[in-house]
Amino acid sequence: MLERHASRAARRAREFEAFVAGAAGRLLNAATLLTAESPDDNPRARRLLTLSLAHTYACWDRLHGEDPYDRTRRQLATRFARGAWHRHGALGRARPHPASPLAPLTPQERLILVLRLHEGVAEEQTAALLGLSPERVRAICHRATSALLHRSRVPAPAVTATKAMP
């Protein structure tokens, strides 16, 4: 019995390591976008990912055909939303890294934008995960996208024509 338990634990560890090897990069990228940190200096994103992966590992035997990437992504989003709520109240403004492209957005806007556009999660699934209506998710996503697009438009430098001297 002890041998069977040990072999099951070793198989579980191998499966989880293979999952992490394949998914950790993309999940870290999503966590970095959520926390609006620099990709080179992202301690909050790494902690968020570590806690989410630990939760997935704890539930590994109970996944029963469920996608572990989806489970980890949901845990990542839930942990981020809960942390932002506790730190800043009602998903208020955090102090993101100024160089991050998503820095001007609120944590809720970043969360919805990352889930919808970066991760490709359906509107209905995002709404269910966050406890919002699909219409609200659509409106927040549109507002966040517009804010990013209008912010990135930098007026072109004025071109002055000079007369050629005869």
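The values are calculated or read from the model by the stated rules, or taken from the named source; none is laboratory data. Nothing here was measured: the structure is a model prediction, and the numbers come from that model. Note that we place each Cβ from the backbone using ideal geometry, even for glycine, and neighbour counts take in every protein chain shown. In case anyone asks, the SASA skips ligands and DNA or RNA and just uses the protein heavy atoms, side chains included. Shrake-Rupley method; radii C 1.70, N 1.55, O 1.52, S 1.80 Å.
A few comments on the model shown:
- From ALA36, ALA30, ALA58, ALA45, residue being aliphatic (A, V, I, L, M) and closer than 19 Å to GLN125 by Cα: ALA30
- ALA45 vs. criteria within 17 Å of the chain's Cα centre (by Cα), in a helix (DSSP H, G or I) and in contact (Cβ under 8 Å) with a residue 24 or more places away in the chain: no
- Scanning segment 130-146 for residues that are open to solvent by 50 Å² or more (accessible area, probe 1.4 Å), over 15 Å from GLU109 (Cβ atoms) and part of a helix (DSSP H, G or I) gives a single hit, GLU135.
- The condition (being exposed (fewer than 15 other Cβ atoms within 10 Å of the Cβ), under 26 Å from GLN125 (Cβ atoms), modelled with pLDDT of 95 or more and not aliphatic (A, V, I, L, M)) is satisfied by just one residue among GLY65, GLY22: GLY22.
- Candidate set from segment 117-129 (those that are touching a residue at least 24 places away in the same chain (Cβ under 8 Å) and farther than 14 Å from ARG74 by Cβ); member that is surrounded by the fewest Cβ atoms within 10 Å (Cβ to Cβ): LEU117
- Some residue of segment 65-85 being touching a Lys or Arg at 6+ places or on another chain (Cβ under 7 Å) and farther than 13 Å from ALA24 by Cα: no
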